[in-house]
Each structure stands twice: as C-alpha cells, then as structure tokens.
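See below for the structure under consideration.
Here, each number is a calculation from the coordinates, and none is a lab measurement. Values in this document were obtained by computation on a predicted structure and should not be read as measured data. Cβ placement follows ideal geometry from the backbone for every residue including glycine, while neighbour counts extend to all protein chains displayed.
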Amino acid sequence: MRDAACLSAGVGYHPPMHEAAAGKVYPEVPFTIDPGRVAAFREVFDQVEGVPTTFVTVAEFTVIPDIVDDPELGIDFSRVLHGNQEYEYRRPLREGEDLTIRSRIESIRSMGGNAFLVLVTELLEPAGDVVCTARSTLIERAPD
C-alpha cells in the first residue's frame, strides 16, 4: 500500500528492475592486469604471490557503472546488497596482460518483493578464449 501512495505522490518510489533485461550482453571493454593495481590490491585484500584470485572484482567494478546506469535494467543501486560471488579460472591471471571484459545478465528473478540479479563477467584473451568467469548475485531489496 505504501508503494501505491508513493507512486501517486511521485515521491520516493522506484519500480523494481526489469526482468526482461535478463540475457542482455553489454559491450566488451579492454582491461589490463596492471601490476600497480595488482600490488595495491594485494596489499589491502590478499597478500599472496602473483595476481590474487579475487582481483577479477576490479574488472567487475570497471563495468558495473554501465550496468547500474542501464535504463533497460532499471536497477536502484541504493537498495542493492551483494549476495554471492563465484570465480571459475581456466588459468591464472598474469600481470601486464591485456584482456577483454564481457558482461551479461544471466538471470533476474523476483522473490518476496526482492529482485535477484546474476551478473556473469568473463575475462577473455585476445584470441577470445575465456580466462576467468566471475558470477555475482546482486539483491535489490524491496522498497520499505
């Protein structure tokens, strides 16, 4: 009932994200495994040798603004929680290599007023082979 009141008043209402956006593929974006960024990431998050497995998150955050601003998706990022994260590697990342980011919305489903979006982000070699696949679940909470 509160949603209807907000809608009629035109205040504080944002409709749920559009489930029809499921399957959308976003434009590919170049991405370099920059040694300086790797060193900074490693210092703060994961003090291991080489490129940390979670460094793929940097690639995800490179494309997230385009996804959040996509009017076809209609997500209200102020209500988004991070629900899950998975990585599948075919080989380790190498500092200095140039890759391509390819992102797509795997699925969107609603449950209990909340919307669950699964975003798949792949890092590709110049020949097009997948190096790593990251799968993130974002939860858009229902309006209060």
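A few points about this structure:
- Angle in degrees between helix 56-68 and the longest Cα principal axis of the chain, rounded to the nearest 10: 30
- Calculated FRET value between residue 29 and residue 142, using beta carbons and R₀ = 25 Å, to 0.05: 0.20
- In this structure, the amide hydrogen of residue 83, modeled 1.01 Å from its nitrogen in the peptide plane, lies closer than 5 angstrom to those of 137, 138, 139, counting only residues at least 5 positions away or on a different chain.
- Hz values of 3J(HN,Hα) by residue in the stretch 96-108 - Karplus curve (6.51, -1.76, 1.60), Gly and Pro given as x: x, 6, 9, 10, 10, 9, 10, 10, 8, 8, 6, 7, 9
- For residue 111 and residue 87, the FRET efficiency from 1/(1 + (r/R0)^6), where r spans their Cβ atoms and R0 equals 30 Å, is about 0.75.
- Ratio Rg/Rh, restricted to the chain and using Cα atoms, in which Rh is the Kirkwood radius: 1.05
- Residues whose amide H comes within less than 5 Å of that of residue 106, counting only those at least five positions distant or on another chain, are 23, 118, 119, 120 (H built at 1.01 Å from N in the peptide plane).
- Sparse-neighbourhood loop sites, GluC sites (Glu not before Pro) in the stretch 28-126 - DSSP loop, at most 12 other Cβ within 10 angstrom: 49, 72
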